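The next block holds one structure in the form of structure tokens; read it before the comments.
The values are calculated or read from the model by the stated rules, or taken from the named source; none is laboratory data. Here the structure is a predicted model, which is why all the values come from computation and not from measurement. Cβ: placed from backbone, ideal geometry, glycine included. Neighbour counts: every protein chain shown. These area figures cover heavy atoms from the full protein model, side chains too; ligands, DNA and RNA do not enter into them. Shrake-Rupley method; radii C 1.70, N 1.55, O 1.52, S 1.80 Å.
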Amino acid sequence: MENFDYLAPRSLTEAYAALGSGRTSLMLAGGTDVIVQLREGRKQCDQLIDLKHIPELMSYGFAADGTLEIGAAVPLAQLYEDPEVRRRQPALCDAATIIGGTAIQSRATLGGNLCNASPAADSSPALIALGALLVIGSDRGTGEVPVEAFFAGPGRSSLQPGEILLQVRIPALGAREGAYYHRFIPRNEMDIAVASAGVRIGLDESDRIVSARVALGAVAATPLFVPSAAEALIGQPATRETFEKAGAAAAAAATPITDMRGSAAQRKHLVSVLTVRALERALERIREAR
Amino acid sequence: MARSHVTTTLNGVETEYLCEPRQSLLEVLRDELGLTGTKEGCSNGNCGACAVLLDGRVVNSCCVLGVEAEGAEVTTIEGIGNADKLHPLQRAFLEEAALQCGVCTPGFIVSAKALLDAEPDADEHRVRWWLAGNLCRCTGYDKIVRAVLKASAQMQEA
Ligand SMILES: Cc1cc2nc3c(=O)[nH]c(=O)nc-3n(C[C@H](O)[C@H](O)[C@H](O)COP(=O)(O)OP(=O)(O)OC[C@H]3O[C@@H](n4cnc5c(N)ncnc54)[C@H](O)[C@@H]3O)c2cc1C
Ligand code: FES
Ligand code: FES
């Protein structure tokens with residue numbers, strides 16, 4: 001591994017100052033992507049800035065309106081071990097519990113999963129479906145972007161030099177709303193998605209769908225938000241027939257490639273099946289909560 | 001390149017070392033501190049041979065930098081038991097023949113210890129899921145899982 005300086009700023013002000021020094025910087029959260037990339041020479045930097053000593057990035061909690069606000073460097077295990085997080089945001093835990101194994105989840109973070117910007121990352125479609133917002137900061141101030149606007153291409157986020165992802169904000173699910181995320185992999189655990197789907201739906205009193213969001217992973221150059229699948233759902237009864245239309249819309253929106261993990265045709269088929277099943281399970285979650 | 005000065009609690013003993021920022025905790029343990037019980041399998045996070053406990057949580061030490069251990073508590077296989085006083089997991093691995101070449105063994109034991117500390121009565125499904133990030137290329141997993149369940153039963157009786 002090429003050498004670099006290691007900095008552990010204790011505040012955002014210190015971190016922004018380090019980023020403004022003119023040297024090439026990389027951020028270090030859990031390190032499960034970036035340490036391997038540095039070792040393999042796929043990335044280089046003059047200085048590696050450890051975010052884990054910045055209090056704002058290491059805490060999480062529910063705001064008064066129920067929004068789950070998660071510091072970008074909170075380890076995944078800390079999130080899914082919290083019964084309140086599991087109860088109120090199960091679809092977040094669907095993703096957090098399948099990213100790597102136990103030892104990865106002790107370190108890996110949502111911030112790292114998002115900023116690494118893999119099209120196959122598991123948190124991204126889940127968070128897009130949940131309607132999450134990202135808080136981005138720099139020495140010029142902070143701003144918010146929806147997760148679906150955060151990706152520029154494989155391995156590229158829309159973060160500009162000097163910017164840090166600070167927080168992930170997941171809006172509360174209402175009493176008649178449910179969400180689910182899952183992926184297809186050829187083994188039971190510890191693998192990268194061949195394709196994945198995340199959904200969130202809301203129903204009215206007569207089980208008609210009044211809100212919907214669908215997102216897909218590993219079938220485009222970035223995690224994919226699919227408004228056409230939501231259109232196929234909204235205003236319709238929550239039935240298998242409706243869900244299949246959304247699955248067809250998801251398959252039509254997908255632009256997968258063929259690689260060692262799967263062919264384009266297989267991936268198109270998979271996202272249709274995964275979308276239908278995710279919708280069925282989100283519906284089950286609404287019914288169980290009643 | 002300037003070496004950084006790091007202070008940790010290593011297997012219960014306050015320990016200081018110097019390392020370069022690019023050195024992984026795995027390299028520091030093996031090459032600087034001579035604790036060769038922790039093994040290197042893949043050096044990319046996939047095999048779990050390098051597992052150690054960092055502040056009580058199991059991590060792959062090849063995916064942690066030596067400098068990140070500043071102020072932390074690190075437990076390696078050497079801190080879990082030794083030839084004179086085997087940990088119940090170590091004894092169960094021997095009794096159940098849950099190792100052949102042994103390269104994966106420290107990682108399995110460290111990882112299993114973290115599970116049994118948190119969930120003493122973890123069932124077979126839970127053990128298999130928890131250990132999914134530890135790979136073994138010789139023994140196969142049934143004997144390993146059996147050894148963990150045996151140790152768990154003995155530890156609960158004790
Ligand atoms: C064995 C193994 C299995 C894996 N399995 C999966 C899997 O199943 N699914 C999956 O999605 N991923 C998987 N991964 C990839 C990785 O673990 C995840 O992407 C993880 O969430 C990355 O988080 P991190 O905190 O470790 O990121 P880091 O490695 O610390 O950072 C990743 C990138 O993001 C940047 N960064 C981090 N935080 C910020 C921030 N707040 N602001 C700006 N930039 C930032 C870093 O500079 C770096 O470029 C796996 C990795 C390994 C080694
Ligand atoms: S050597 Fe660290 S996970 Fe394989
Ligand atoms: S005993 Fe050889 S790898 Fe497990």
Open item on the list: I'd like the full set of residues that are charged (D, E, K, R) and in contact (Cβ under 8 Å) with a residue 12 or more places away in the chain, limited to the stretch A:22-56.
Closed with: A:23, A:33, A:39, A:43, A:46, A:50, A:52, A:56
- [ ] Would you mind telling me which numbered condition in (1) under 13 Å from residue B:60 (Cα atoms); (2) within 16 Å of ligand 1 (Cβ to nearest atom) residue B:136 fails?
- [x] (1)
Open item on the list: Residues that are within 13 Å of chain A (Cβ to nearest Cβ) and more than 18 Å from residue A:75 (Cα to Cα), at least 3 per element: which strands (runs of 3 or more DSSP E) completely within the stretch B:3-75 meet that?
Closed with: B:4-10
Task: Criterion: within 30 Å of residue A:102 (Cα to Cα) and either open to solvent by less than 20 Å² (accessible area, probe 1.4 Å) or not acidic (Asp, Glu) (or both) - qualifying residue of A:239, A:255, A:222 - done: A:222
Task: Total residues in the stretch B:63-112, condition among the acidic types (Asp, Glu), more than 16 Å from ligand 1 (Cβ to nearest atom) and closer than 23 Å to residue A:29 by Cβ - done: 2
Open item on the list: For the condition within 14 Å of chain B (Cβ to nearest Cβ) and either within 11 Å of ligand 1 (Cβ to nearest atom) or in a helix (DSSP H, G or I) (or both), what is the one hit in A:137, A:112?
Closed with: A:112
- [ ] Just give me the residues in the stretch A:89-105 being within 16 Å of ligand 2 (Cβ to nearest atom) and assigned to a helix (DSSP H, G or I), in sequence order.
- [x] A:102, A:103, A:104, A:105
Task: Candidate set: the stretch B:43-61, residues that are more than 16 Å from ligand 3 (Cβ to nearest atom) and on the phi < 0 side of the Ramachandran plot; chosen: the one surrounded by the most Cβ atoms within 10 Å (Cβ to Cβ) - done: B:52
Task: Output for the stretch A:117-166, where each listed residue is crowded, with 18+ Cβ neighbours inside 10 Å and either within 16 Å of ligand 2 (Cβ to nearest atom) or among the polar types (S, T, N, Q) (or both) - done: A:118, A:123, A:124, A:138, A:157
- [ ] Please tell me if residue B:103 is at pLDDT 95 or above and either assigned to a helix (DSSP H, G or I) or crowded, with 23+ Cβ neighbours inside 10 Å (or both).
- [x] no
Open item on the list: Looking at residue A:18 and the list (1) among the hydrophobic types (A, V, I, L, M, F, W, C); (2) in contact (Cβ under 8 Å) with a residue 60 or more places away in the chain; (3) surrounded by fewer than 21 Cβ atoms within 10 Å (Cβ to Cβ), which single condition is not satisfied?
Closed with: (2)
TODO: Consider residue B:147 carefully, then state whether it is away from chain A (no Cβ under 14 Å) and in a helix (DSSP H, G or I).
DONE: yes
Task: Odd one out for residue B:62 among (1) away from ligand 2 (no atom under 11 Å from the Cβ); (2) within 21 Å of residue A:33 (Cα to Cα) - done: (1)
Task: the stretch B:21-42 residues that are open to solvent by 60 Å² or more (accessible area, probe 1.4 Å), paired with ones that are away from ligand 1 (no atom under 16 Å from the Cβ) and among the basic types (Lys, Arg) (beta carbon under 6 Å, 6 or more apart) - done: B:36/B:30
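Yes/no matrix, rows are residues, columns are (1) within 9 Å of ligand 1 (Cβ to nearest atom); (2) in a helix (DSSP H, G or I); (3) under 12 Å from the mean Cα position of the chain (by Cα):
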site: A:42; (1), (2), (3): no, no, no
site: A:69; (1), (2), (3): no, no, no
site: A:79; (1), (2), (3): no, yes, no
site: A:107; (1), (2), (3): yes, no, no
site: A:120; (1), (2), (3): yes, no, yes
site: A:126; (1), (2), (3): no, yes, yes
Task: Matching residues in the stretch B:109-144 - criterion: being within 13 Å of chain A (Cβ to nearest Cβ), within 16 Å of residue A:189 (Cβ to Cβ) and not in a loop (DSSP other than H, G, I, E, B) - done: B:111, B:115, B:125, B:126, B:127, B:128, B:129, B:130, B:131, B:132, B:133, B:141
- [ ] Output the qualifying pairs, or none if there are none: Cβ atoms under 8 angstrom, residues six or more apart or on different chains, first residue in the stretch B:122-147 and more than 15 Å from ligand 2 (Cβ to nearest atom), second residue among the acidic types (Asp, Glu) and at pLDDT below 95.
- [x] B:129/A:189
